[in-house]
Amino acid sequence: MEASGSKGIVLTGMQPTGTLHLGNFLGAANRWNRMLERYTCYFFIPNQHAITVPQVPAALRAATLNCVAQYIACGLDPKKCSIFIQSHIVGHTELAWVLGSLTPLGQLYRMHQFKDKSAKKEHIYSGLLYYPVLMAADILLYNADYVPTGEDQRQHVELARDLAEKFNTTYSETFTVPVPLIEKVGARIMSLKSPENKMSKSDPDGNATIYITDAPEVIRKKIAAAVTDSGDRICADPERPGIGNLLNIYCAATHMTLEEAEEKFATHSGYAPFKRELADALIALLEPVRGHYAAIKDDKEYLQSVVREGAETVQPIARKTLAKVYRKIGFLEQ
Ligand code: TYM
């Protein structure tokens with residue numbers, strides 16, 4: 001199916017499991033805010049995904065509203081897009097159930113993220129396995145044309161494409177086949193301490209991750225202590241993942257290409273001046289976000305009104321898709 005309407009639909013979201021980090025920002029939020037004018041944008045908070053690993057209820061509730069504040073602080077102007085909470089909308093889990101009936105179990109067992117997450121756990125719950133089907137439902141429910149994410153979500157978006165095509169051929173043309181939007185630079189930000197692992201909210205080493213709420217002096221300290229190597233050439237070399245990761249972060253923060261950045265730093269000797277310049281670039285980028293977040297994070301009434309309005313906009317769309325799907329698969333109407 002072709003892009004719907006004249007303005008294509010963008011849908012994406014981040015789990016409300018703590019403060020957003022530099023990977024979430026450079027790989028995702030800082031690109032989403034550049035899509036507001038061009039597309040009809042739906043940004044949601046996948047709290048139903050969050051419970052596929054244990055959560056403390058009060059902390060999840062607080063993190064969900066904080067996530068709304070962080071979206072807005074990252075530049076997602078609620079006047080130009082819809083921001084909503086997954087569990088407020090009837091349709092996500094219902095559609096996931098339908099799509100699950102078209103999903104081979106083997107395909108779910110092959111998901112990289114399931115393999116990674118389940119390998120570290122003693123008890124594995126079916127929600128963790130089923131997670132990508134719910135993600136497919138999130139996307140297909142709104143007939144999203146584009147799904148901007150970091151590299152780690154590519155396989156999940158591929159599943160959404162497969163399921164859209166399968167449903168369309170099994171019944172009849174119903175879903176838009178979504179296109180993942182994954183940029184070359186910034187789509188995979190790695191840990192500052194072990195650059196072979198991706199930067200993550202759950203890293204026990206606080207210095208491995210930069211958060212969007214980190215103060216300038218904290219950013220400087222973390223970048224100064226970031227792992228590099230004994231060389232002094234600033235380039236993207238797979239054999240030197242530490243400096244490669246920092247260069248990737250620099251490029252994503254300054255919108256430079258790797259080639260441009262390599263040329264800029266070609267005459268630098270030693271990593272210290274580069275690290276100082278990188279910290280400056282990150283502080284310039286994150287300070288407005290930190291300030292905006294501090295200004296709105298405690299205004300619960302405002303944040304609640306944003307997600308209420310978001311739900312009002314998207315619920316009719318979700319209901320319409322669900323009704324269409326139910327009709328096609330043979331569910332009797334009320
Ligand atoms: P989540 O919450 O893990 O991550 C949110 C977004 O941040 C990107 N990201 C990164 N990008 C670059 N480097 C990193 N180290 C890094 N870590 C995270 C992710 O790729 C993502 O874009 N399953 C999704 C949430 C979701 C969703 C959806 C997304 C649920 N339903 C429908 C899009 C469409 C997730 O857990 O993202």
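The values are calculated or read from the model by the stated rules, or taken from the named source; none is laboratory data. None of these values were measured; they are calculated from a predicted model. So basically every Cβ, Gly included, is an ideal-geometry build from the backbone, and we count neighbours across all protein chains shown. Note: areas computed on protein heavy atoms with side chains; ligands, DNA, RNA excluded. Shrake-Rupley method; radii C 1.70, N 1.55, O 1.52, S 1.80 Å.
Key figures for this structure:
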| item | result |
| --- | --- |
| Any pair with Cβ under 6 angstrom, 6 or more apart, that starts in region 58-80 at a residue that is closer than 18 Å to Y211 by Cα and ends at one that is open to solvent by 30 Å² or more (accessible area, probe 1.4 Å) and assigned to a helix (DSSP H, G or I) | A73/H292 |
| Output for region 142-165, where each listed residue is part of a helix (DSSP H, G or I) and more than 10 Å from the ligand (Cβ to nearest atom) | Q155, E158, L159, R161, D162, L163, A164, E165 |
| Residue that is modelled with the lowest pLDDT, among those in region 98-151 that are of a type in the set (G, A, S) and surrounded by 15 or more Cβ atoms within 10 Å (Cβ to Cβ) | S118 |
| Among (1) open to solvent by 10 Å² or more (accessible area, probe 1.4 Å); (2) within 13 Å of the ligand (Cβ to nearest atom); (3) in contact with a strand residue (DSSP E or B) (Cβ under 9 Å, 6 or more places away or on another chain), the one test that P178 misses | (1) |
| Residue in region 116-133 that is touching a Ser or Thr at 6+ places or on another chain (Cβ under 6 Å) and either in a strand (DSSP E or B) or under 25 Å from V227 (Cβ atoms) (or both) present | no |
| Every residue from region 89-108 that is closer than 20 Å to G310 by Cα and either in a helix (DSSP H, G or I) or within 15 Å of the ligand (Cβ to nearest atom) (or both) | I89, G91, H92, T93, E94, L95 |
| Listing of helices (runs of 4 or more DSSP H) fully contained in region 220-334 that carry 3 or more residues being touching a Cys at 6+ places or on another chain (Cβ under 9 Å) | 241-254, 258-264, 272-296 |
| Subset of region 5-55 (residues that are open to solvent by 40 Å² or more (accessible area, probe 1.4 Å), of a type in the set (S, T, Y), modelled with pLDDT under 95 and more than 9 Å from the ligand (Cβ to nearest atom)) | S6, T19 |
| Checklist (1) under 30 Å from K79 (Cα atoms); (2) modelled with pLDDT under 95 applied to D237, failing item | (1) |
| Answer residue from region 202-225, given it is over 19 Å from A252 (Cα atoms) and within 15 Å of the ligand (Cβ to nearest atom) and is least open to solvent (accessible area, probe 1.4 Å) among those | D203 |
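For (1) under 30 Å from D299 (Cβ atoms); (2) under 15 Å from the mean Cα position of the chain (by Cα); (3) more than 14 Å from the ligand (Cβ to nearest atom), each residue gets a yes or a no:
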position	(1), (2), (3)
L76	yes, yes, no
S87	yes, no, no
R110	no, no, yes
K117	no, no, no
K120	no, no, yes
H123	no, no, yes
